[in-house]
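One structure is given below, encoded as structure tokens.
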Amino acid sequence: MKQVGNRNVAFSLKTRLKRLKRDSNRWSVFTLVIVLFLALPIIFIGVELFSGPGETWSHIVTYLLPEYIWNSLYLVFFCSILVLIIGVSSAWFVSRFNFPFRKQMEWLLILPLAIPSYIVGYAYAGIFDYGGSMDLIFRQLNLEFIRIDIMNRAGLAFVLSISLFPYVYVSARAFFLNQANNLLEASKMLGVSEQKTFFKLMLPLARPAIVAGLILVLMEVLNDYGAASYYGVNTFTTGIFRSWFSLEEPETAVYLSALLIIIIFALILFEKWQVRKVKFTSSKTNNTQIQRKESKKSMKWLIFSVVFLPVLFGFILPVTQLIYWAVLTAATVFDMAFIIISLQSFGIAITSAVITVFFALLLIYFSKWSSFRTIKNIARIGVLGYAIPGAVIAIGIMIPTLALDKWLIKTLGTFGIDSGLIINGTLIALLYAYAVRFLAVAYNPIDSTALKVDNSIPDSSKILGVGNLKTFFKIEFPLIKTGVFSAVILVFIDVMKELPLTLILKPYHIDTLAVKAFEFASDEMVMEASIPSLFIIFTAMIPVIFLNKLLIKK
Amino acid sequence: MKKIVVAVVALSFLVACGNNSNKKDNSTENKTSKDQVVNVYTHRHYAPDQNIFKMFEKKTGIKVKVINASADELIQKMKMEGKQSPADVLITVDAGRLSRAKDQGLLQSIASEILEKSIPEYLQDVDNQWFGLTKRARIIAFAKDRVKPEELSTYEDLVAKKWKGKILIRSSSNIYNQSLMASIIANDGEEAAKRWAEGIVANMARSPKGSDRDQVKAVVAGEGDLAIVNSYYIGKMLNSPDPEEVKTAKQIGLFFPNQQGRGTHINVSGAGVAKYAPNKENAIRFIEYLMSEEAQQIFTDANYEYPILESVLPVKDIKNWGDFKEDNLGLNKLGENNKKAVLIFDEAGWK
């Protein structure tokens with residue numbers, strides 16, 4: 001008996017190896033290479049888990065960890081609810097109904113993303129502050145000032161939601177715009193009501209797209225540092241910085257980050273497991289754009305006001321506050337150099353957006369072409385960078401790149417060449433870091449659109465003898481174009497406002513607007529930070545408007 | 001439309017790449033020193049510093065190349081770069097971080113008569129690895145209508161019952177609070193420091209949040225009566241572009257604690273030469289320049305810090321507050337006790 005059992009094990013191992021050999025092809029190898037390249041910093045951080053935390057770990061567990069976990073869960077919960085309500089409803093109204101200023105709303109709803117969330121946090125603090133804008137307005141009107149205290153946990157959840165909901169809006173809208181029409185018409189023909197169609201049909205079908213956006217929001221919520229520390233809310237990420245810098249234990253900080261990565265990975269796997277049985281491909285190839293509904297005039301204005309609210313709170317109010325501050329400080333802060341810095345920021349952001357989206361496409365399609373299924377889950381390791389605080393990623397980047405640099409110096413040194421650091425302190429390290437950090441931002445919207453392309457289309461193309469690459473360019477790319485463009489915009493905006501990575505890895509004499517804003521804000525010169533912040537917003541507006549036009553056209 | 005976009009993209013590429021190649025040239029030529037440079041890692045994000053750097057460039061022909069980030073991040077960066085680090089000078093906004101950099105072997109001792117002469121003993125490192133550049137005091141801002149200065153005396157007295165629900169102070173992750181706590185540990189001992197932290201937490205008007213300026217605003221608005229704040233923020237508020245902030249700052253009184261005893265807690269912004277500085281001579285000249293009269297004058301005039309050079313008078317606004325007695329505790333102690341301070345904060349529940 002025993003022998004048989006052993007043979008069985010041996011047999012199954014052998015079959016498994018055989019299957020592995022059968023299923024893996026060159027695409028599997030390519031995928032692994034790219035994942036390894038992009039996940040290297042994350043792996044370096046992950047390895048730290050095994051070396052354990054520093055000596056203050058028990059202190060942290062006793063005094064701090066419960067609060068960190070509790071506050072982080074609170075934020076995750078309330079931000080999810082707020083972001084889903086705002087993001088999905090505005091995406092649906094904008095795609096499904098006609099109302100005044102609809103076209104402007106389409107891109108205005110993306111813009112809250114362009115303001116770094118810590119700046120939104122400062123702006124709202126400024127609005128509700130003593131001697132702040134609300135106070136002034138109330139005094140002008142001779143009214144008693146009723147102060148709303150926004151600097152607490154609930155206020156932080158509001159600020160983060162209102163500045164991050166566009167992630168959900170963008171991915172949900174891409175789905176509604178291009179995938180929903182056939183289903184809508186079928187539902188209409190069957191006499192199903194508008195509401196029922198939305199809740200029973202559209203919402204479940206849009207789920208992968210919505211969740212993709214939501215995961216981005218949650219990752220960003222979990223790694224927010226600026227707003228949380230200003231509002232006095234201690235989260236996992238403020239804890240990472242506290243143990244790294246105040247307690248002088250980088251190993252504890254890295255340990256906390258590694259735990260954070262595990263939590264995020266669990267969230268992602270949980271969602272994948274939930275939808276494991278459902279296939280979200282649309283059966284028809286014709287993705288005609290959604291037909292918009294006309295409604296009564298009063299209804300139109302009602303819809304307008306519902307859609308206008310997130311624009312008002314996420315963009316117009318904070319920007320107005322920033323403009324007020326900019327007027328106060330223009331004389332001392334404004335400098336023509338800002339225009340050069342804007343161009344630099346723009347160039348860096350667009351370059352890294354293209355590079356990052358390119359990597360995301362490689363990962364998604366290589367793992368698709370590989371018949372070895374687990375590879376898809378391995379590919380997901382690459383997206384975890386988004387959940388890790390930028391400063392920690394910077395360490396993860398510096399470990400391997402510095403090792404390479406030192407090796408290069410040594411090797412070139414034997415040839416008598418004194419090269420200095422080749423990768424660190426140059427754009428190469430910075431662009432690599434952005435790709436690692438923002439892969440998720442590119443991967444998720446593309447992946448959720450790619451999911452909806454029925455495999456039978458590329459499959460039939462391949463049966464006809466057309467190669468993978470050609471099929472991709474001729475057939476698949478046009479189908480996922482919306483997702484790709486959304487990805488480019490999102491990465492672009494994220495790079496524009498990225499801070500900790502840029503600070504640590506940027507070359508001398510390259511400045512970004514976010515760095516300029518931070519130089520002021522970090523020293524309580526919030527007002528002075530308004531001018532570079534406004535430059536970020538206006539620079540980010542250009543591609544948002546331009547690419548939005550591309551999305552609509554067809 | 002398309003053409004414009006293409007043009008902008010192309011232009012920004014050029015700008016970005018152009019700068020990159022500049023950088024490469026300089027870094028490779030550092031050692032052959034065609035161009036004299038000094039690479040500065042600084043935590044001081046103040047605009048006036050740029051002017052000082054420019055004046056130094058003009059005077060010496062040495063180019064100042066700056067990396068701005070928080071001191072902690074810069075220290076981490078230097079540690080990882082090791083011998084290859086391009087950093088020549090590290091500048092921080094508190095003494096604790098400098099002594100931490102020293103402990104991690106990132107700085108080197110330098111011999112400079114100028115620095116030795118112009119900086120008092122307790123404001124520089126015993127091994128000459130770092131030097132204070134400017135001073136700030138941690139003082140009490142009080143509501144003039146509700147508090148008489150006679151009621152105030154020391155930091156230690158703030159735990160008295162009469163201040164229950166009246167004290168405003170920011171989070172314990174703030175370095176100035178950590179340094180204050182480190183000085184209390186050094187002066188009163190750990191046990192007393194812990195009781196002090198618990199007493200302050202019990203007297204807080206609200207859970208710590210916001211910046212030092214926000215604490216002052218909350219005093220004027222009546223949320224509490226006292227705020228423990230850094231002196232130079234008051235100077236900045238008095239000269240703020242926002243008229244509301246100026247009004248707020250004018251409504252508070254200032255008190256320098258512990259005048260009868262050891263003196264008011266001060267901290268410095270300071271600089272040290274990096275262990276592997278590729279341009280050591282330039283680095284020394286650079287720090288010496290920061291101690292020159294013209295640089296010290298800018299530090300105080302534009303940033304409302306107390307100059308360290310005795311021949312330079314503080315800017316009018318802070319001179320008006322009068323002279324005060326400083327705590328002469330060796331600032332090395334702040335670095336040594338920093339971690340202890342944070343642990344005590346956590347135990348006392350000071351967020």
Qualifying positions in the range B:79-104 - surrounded by fewer than 22 Cβ atoms within 10 Å (Cβ to Cβ) and either assigned to a loop (DSSP other than H, G, I, E, B) or of a type in the set (A, V, I, L, M, F, W, C) (or both): B:MET80, B:GLN104
Failed condition for B:VAL273, given (1) among the β-branched types (Val, Ile, Thr); (2) under 16 Å from the mean Cα position of the chain (by Cα); (3) assigned by TED's automatic domain parsing to the domain that holds B:SER85: (2)
Leading residue by the ranking (surrounded by the most Cβ atoms within 10 Å (Cβ to Cβ)) among those in the range B:67-78 that are within 7 Å of chain A (Cβ to nearest Cβ) and in contact (Cβ under 8 Å) with a residue 12 or more places away in the chain: B:ALA69
The range A:245-255 - residue that is assigned to a helix (DSSP H, G or I) and in contact (Cβ under 8 Å) with a residue 40 or more places away in the chain and, of those, farthest from the other protein chains (Cβ to nearest Cβ): A:TYR255
Leading residue by the ranking (farthest from A:LEU65 (Cα to Cα)) among those in the range A:236-257 that are aromatic (Phe, Trp, Tyr) and under 22 Å from the mean Cα position of the chain (by Cα): A:PHE241
All positions within the range B:105-115 that are part of a loop (DSSP other than H, G, I, E, B) and either touching a residue at least 60 places away in the same chain (Cβ under 8 Å) or of a type outside the set (Ser, Thr, Tyr) (or both): B:GLY105, B:LEU106, B:ILE110, B:ALA111, B:SER112
Leading residue by the ranking (nearest to B:ASP346 (Cα to Cα)) among those in the range A:16-50 that are of a type in the set (S, T, N, Q) and at pLDDT 75 or above: A:THR31
Selection count where residues are closer than 29 Å to B:SER109 by Cβ, assigned to a loop (DSSP other than H, G, I, E, B) and not acidic (Asp, Glu), scope the range B:119-151: 5
Failed criterion for A:PRO116 (all others in (1) out of contact with any helix residue (DSSP H, G or I) (no Cβ under 6 Å at 6 or more places or on another chain); (2) in contact (Cβ under 8 Å) with a residue 40 or more places away in the chain hold): (1)
Single residue of the range A:433-454 satisfying the filter (more than 13 Å from A:LEU490 (Cα to Cα) and among the polar types (S, T, N, Q)) that is nearest to the chain's Cα centre (by Cα): A:SER448
Answer residue from the range B:315-341, given it is assigned to a helix (DSSP H, G or I) and small (Gly, Ala, Ser) and is farthest from the chain's Cα centre (by Cα) among those: B:ALA341
Residue that is within 14 Å of chain B (Cβ to nearest Cβ) and closer than 29 Å to A:GLY467 by Cα, where the choices are A:ALA349, A:ALA353, A:ALA379: A:ALA353
Qualifying residues in the range A:391-438 (those that are within 26 Å of A:VAL354 (Cα to Cα) and part of a loop (DSSP other than H, G, I, E, B)) - the one farthest from the other protein chains (Cβ to nearest Cβ): A:ILE423
Any hit, the range A:107-118, residues being at pLDDT below 90 and within 14 Å of another protein chain (Cβ to nearest Cβ): yes
Selection from the range B:153-204 of residues that are part of a loop (DSSP other than H, G, I, E, B) and surrounded by 18 or more Cβ atoms within 10 Å (Cβ to Cβ): B:TYR155, B:LYS166, B:ILE169, B:ARG170, B:SER171, B:SER172, B:SER173
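The values are calculated or read from the model by the stated rules, or taken from the named source; none is laboratory data. If you're wondering where the values come from, they're calculated on a predicted model, not measured in any experiment. Note: ideal-geometry Cβ built from the backbone for every residue, glycine included; neighbour counts use all protein chains shown.
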